[in-house]
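One structure is given below, encoded as structure tokens.
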Amino acid sequence: MSRIVCLRSLTHYLKAEGDCDLRHSIVEAFQKNVVPSLRLGACVALVGGSGGDPELKKLPPVAKVTFFGIENPSDETPYTYLDLNKLSVVSHGQYDLVLCSQVLEHVWNLSTALQELIRLVNPGGLLWIGVPASNFAHGSPDYYYAGSTPQSLSLQLEKYGLDLAGSGVVGSKRADIWRHVFRYWSTEQELARPVVSSFSNAFNTTIPAWKRFARSLVSLRSVILLAYDAQTVTDIEFGTETSVLAKKPVEFEELNG
């Protein structure tokens, strides 16, 4: 069993970062606040993700990862079937850390989903959840929430008996425009240098000339983004990514649904 310590606020850490790569900020917070608490050989459950999830790259090298989901991950990683919309027969308390990132917006039964995640956590273990704070519809028809605030998820986890270890939201004015006006998930480079990145993609030599011309016209919109700050902020007004970290008490009465 890993020794879990009380962690400082994720928001405090994210404020100190000040870069414009939002997912990177979330992953760095995970590395700073979660990874040091894991023992060598920690048992980790990844729910709804794949071997390409960036948090996995931050785990101790000998961590034992089990994948859960309703279908094969995109990289064909072996997985155990788990539908977060339904109470399952998965055994209680097997994992030092349960990871669920960019999944819950595609689950309609949020209350049951949170209970299922909690059931997987060892007493004294950690639950890490990452969700959009604000998003556009995608993955239809299985898309149910445009986003969740840290306060909302924190209150629900506390209701089920977990101790809140940290929570935060990150975003930027520029990312907000990319996402809600252009309906596009921007990369780190596109956030930092929107005009250069857009025109660089437009003039990709592997596509026909007419497509390059059409893309160059569309790329003109990126000039608008220069008027909006790319600096990372941690207030919900421009928040696009939420993360919550909770600890399961050592003395915990398991949920029965």
**Study point:** Pair list, Cβ < 8 Å and 6+ apart or interchain, from segment 181-196 residues that are within 14 Å of LEU226 (Cβ to Cβ) to residues that are part of a loop (DSSP other than H, G, I, E, B)
**Key:** LEU191/CYS20; LEU191/ASP21; LEU191/SER172; LEU191/ALA230; ALA192/CYS20; ALA192/ASP21; ALA192/ALA230; PRO194/SER186
Practice item. Among residues belonging to segment 131-145 that are closer than 19 Å to GLY239 by Cα and of a type outside the set (Phe, Trp, Tyr), point out the one that is surrounded by the fewest Cβ atoms within 10 Å (Cβ to Cβ). Key: ALA137
Exercise for review: Name, by its number, the condition in (1) in contact (Cβ under 8 Å) with a residue 24 or more places away in the chain; (2) assigned to a helix (DSSP H, G or I); (3) within 16 Å of the chain's Cα centre (by Cα) that does not hold for SER111.
Suggested key: (3)
Review point. Hey, GLU253 hits all of (1) assigned by TED's automatic domain parsing to the domain that holds GLY125; (2) under 28 Å from GLY93 (Cα atoms) but one; which does it fall short on?
Key: (1)
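In this structure, is PRO61 within 24 Å of ASN122 (Cβ to Cβ), of a type outside the set (Gly, Ala, Ser), loosely packed, with under 15 Cβ neighbours inside 10 Å and at pLDDT 90 or above? It would help to see each step written out before you state the result.
Values: within 24 Å of ASN122 (Cβ to Cβ): yes; of a type outside the set (Gly, Ala, Ser): yes; loosely packed, with under 15 Cβ neighbours inside 10 Å: yes; at pLDDT 90 or above: no.
The answer is no for PRO61.
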Study note, to complete from the structure: Expected single match for at pLDDT below 90, buried (at least 18 other Cβ atoms within 10 Å of the Cβ) and among the aromatic types (Phe, Trp, Tyr) among TYR79, TYR95 is TYR79
Revision key, fill the gap. Note on TRP128: of the conditions (1) within 18 Å of the chain's Cα centre (by Cα); (2) surrounded by fewer than 17 Cβ atoms within 10 Å (Cβ to Cβ), unmet is (2)
Exercise for review: Would you confirm whether any residue within segment 20-37 is loosely packed, with under 15 Cβ neighbours inside 10 Å, among the small types (Gly, Ala, Ser) and modelled with pLDDT of 80 or more?
Suggested key: no
Study note, to complete from the structure: Within segment 203-257, residues being at pLDDT 85 or above, of a type in the set (Gly, Ala, Ser) and in contact with a Ser or Thr (Cβ under 8 Å, 6 or more places away or on another chain) number 5
Point to revise | Index of the failed condition, GLY93 passing every other in (1) of a type in the set (Gly, Ala, Ser); (2) under 14 Å from VAL47 (Cα atoms); (3) touching a Pro at 6+ places or on another chain (Cβ under 7 Å) | key: (2)
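The values are calculated or read from the model by the stated rules, or taken from the named source; none is laboratory data. Because the structure is predicted, anything quoted here is derived from the model rather than measured. Positions of Cβ are backbone-derived with ideal geometry, glycine not excepted, and every protein chain shown enters the neighbour counts.
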